[in-house]
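Each reported figure results from applying straightforward, stated rules to the coordinates on display, with no laboratory input. Because the structure is a prediction, the values reported are computed rather than measured. FYI the Cβ positions are ideal-geometry reconstructions off the backbone, even for glycines, and counts take in every protein chain you see.
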Amino acid sequence: MNMTTRRLVAACFAGLITPVWACDTGFGINANLHGNRLFPADNPWNQAIDTKAVDSNSAALINQMGANIPLHPDFGANAYWADGKPFGIPYIVVSGMTPKVPVRFTYHDESDPGPYPIPANAPVEGGVNSKGDRHVLVLDQDHWKLYETWSSYQQADGSWDAGSGAVFNLTSNTLRPAGWTSADAAGLPILPGLVRYDEVYIEKAVNHAIRFTVAETRRAYIAPARHFASSNTSPKLLPMGARLRLKANYDISGFSAPAQVILKAMKKYGIMVADNGSNMYFSGTADARWDDDVLNTLKQVRNTDFEVVAMGRLTTK
């Protein structure tokens, strides 16, 4: 348990904190992180980009997606489709005493070896019967480490088989080795880029960049991404790790307060290309507490309301 959480626990037991939800120091699925930032303040995920220059190729990169492409929250409170699939990417917070279990990887040469502290009740993206990405995200609160797997299948003995996996020390800015994937195509962590319920409705601030996807990416990546997933070398395509931001003059005053929290983050911290997928789909947690009506208002925003932040050095090999 880190020092911030220790103090919070002590204050809660002393009856010094209200309302009740503020004393949710708990562990479990989609637990409140109480404003604790994942990674140091100077980590790329946590760096503001609202004053950075616009990339000279911004218009072409945006327009390549198509005309009038809506921003799309790829998560919500409508957490279950007709076939029972959760909508979004859940996570689980565990203690440092959680037993670690073996994890076998298909892409073991680019995965951090197990064991991982994945509990039996760890939620799988899309549900246990999903045929999708099946991410599993586990945050060890005591050691401040993040364990993430892709294509994750629990076995009868409690171990897991997965396509790939990565472990991130959340007190460090160390990147994965160049060319390595993670549980995400770009070699990035997933949880630090999710929009979480506690940020929007409790902290009322999303203080980090937000993960999103585009249909086609370039055979290139820029830091903090470490991996590309394309054979297309066109300079009109966004590379993994590219950062877009909502234009400063985009008027958000007509949106509800929770929607404005998300849009303000998109202006200050931007959205980061992390995977191939549907254009302008941004990621958040699968959480029944979301208000889908609020989230759906964000679809009024279009791709042309964004601009690409000047990109650093491209890695193409």
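Mean silhouette area of the range 161-237, derived from the convex hull of its C-alpha atoms and averaged over all directions, reads 6.9 nm². One chain, two ends: A59 and T106. Fully extended at 0.36 nm per residue, the span grows by 13.1 nm beyond their Cα-Cα distance.
In the range 60-147, what trypsin sites (Lys or Arg not before Pro) fall in a loop by DSSP, with at most 14 other Cβ atoms inside 10 Å? Sites meeting the loop and neighbour criteria: K100, K131.
The percentage of C-alpha pairs in the chain whose separation is greater than 27 Å is 41%.
Net charge in the neighbourhood of S230 (other residues with Cβ under 12 Å of its Cβ; Lys, Arg +1, Asp, Glu -1) is 0.
Could you estimate the translational diffusion coefficient of the range 199-289 from the Stokes-Einstein equation, with Rh from the Kirkwood formula over C-alpha pairs, at 25 °C and 0.890 mPa s, in whole µm²/s? Translational D for this selection: 173 µm²/s. Considering the range 105-198, its Cα convex hull presents a mean projected area of 6.7 nm². Could you work out which residue, out of A67, A31, A162, moves most in a Gaussian network model of the chain, that is, has the largest mean-square fluctuation with Cα springs under 10 Å? In this elastic network of the chain, the residue with the biggest mean-square fluctuation among A67, A31, A162 is A67.
I want the local charge near K268. Using Cβ-Cβ distances under 10 Å, sum +1 for each Lys or Arg and -1 for each Asp or Glu among the other residues. Here the count lands on +2. The Rg/Rh ratio for the range 188-232 is 1.11, where Rg is the radius of gyration of the alpha carbons and Rh is the Kirkwood radius.
For the chain, what is the relative contact order in percent, using Cα pairs closer than 8 Å and at least 6 residues apart in sequence?
Working: 750 pairs, mean separation 79.1, N = 317.
Reported as a whole number, the value is 25 percent.
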